[in-house]
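The values are calculated or read from the model by the stated rules, or taken from the named source; none is laboratory data. The shown structure was predicted, so the numbers you read here are calculated from the model rather than taken from an experiment. With ideal geometry, Cβ positions are generated from the backbone for all residues, glycine too; neighbour counts draw on all protein chains shown.
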Amino acid sequence: MDIEYISLKQYAKKILRLSKSMLQHAIDKDWERLSRLEIDRGHTLKHLFDHPDVERCLPMLSDILFEVLEVDRECIQITEKERFALLQNLHHQSKQDRAVSLYRNNSLG
């Protein structure tokens, strides 16, 4: 086991920890914290994949990175479901606002 692999494995484990934290914040609907973690994770991903030895070490990191993909899949499902619910609420609110506006514009008095 060489120093490059150890370094890259630490980046991969950090990415996994950040991904799991992002998932928990999605479950908690803490979107602000999730977005900050996503930025941090993006920087760590860049460091990992910009490393000159990453291609050589990827087979040894594949289990960790596969787990990251699984956590991401769960996080995406939660955020997409929440986004859909938010869009439905906005659409419903917009319809209510239009109805109130029509009533006010057409009411006597």
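All but one of (1) within 28 Å of Leu86 (Cβ to Cβ); (2) part of a helix (DSSP H, G or I); (3) in contact (Cβ under 8 Å) with a residue 40 or more places away in the chain hold for Leu45, so report the exception by its number.
That leaves (3) as the condition not met.
Any idea which of Ile15, Ile6 is part of a helix (DSSP H, G or I), loosely packed, with under 15 Cβ neighbours inside 10 Å and among the β-branched types (Val, Ile, Thr)?
That would be Ile6, the only listed residue that is part of a helix (DSSP H, G or I), loosely packed, with under 15 Cβ neighbours inside 10 Å and among the β-branched types (Val, Ile, Thr).
Report the residue count in the range 50-75 for those that are more than 19 Å from the chain's Cα centre (by Cα) and in a helix (DSSP H, G or I).
Total satisfying the criteria: 11.
Okay, residues lined up against (1) out of contact with any helix residue (DSSP H, G or I) (no Cβ under 7 Å at 6 or more places or on another chain); (2) on the phi < 0 side of the Ramachandran plot; (3) surrounded by 10 or more Cβ atoms within 10 Å (Cβ to Cβ); (4) at pLDDT below 90:
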residue: Ser19; (1), (2), (3), (4): no, yes, yes, no
residue: Ile27; (1), (2), (3), (4): no, yes, yes, no
residue: Glu38; (1), (2), (3), (4): no, yes, yes, no
residue: Lys46; (1), (2), (3), (4): yes, yes, yes, no
residue: Leu58; (1), (2), (3), (4): yes, yes, yes, no
residue: Glu67; (1), (2), (3), (4): no, yes, yes, no
residue: Gln77; (1), (2), (3), (4): yes, yes, yes, no
residue: Lys81; (1), (2), (3), (4): yes, yes, yes, no
residue: Arg104; (1), (2), (3), (4): yes, yes, no, yes
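If I ask for residues that are without any contact (Cβ under 8 Å) to a residue 24 or more places away in the chain and under 12 Å from the mean Cα position of the chain (by Cα), which ones from the range 1-30 would you list?
Result: Ser21, Gln24, His25, Asp30.
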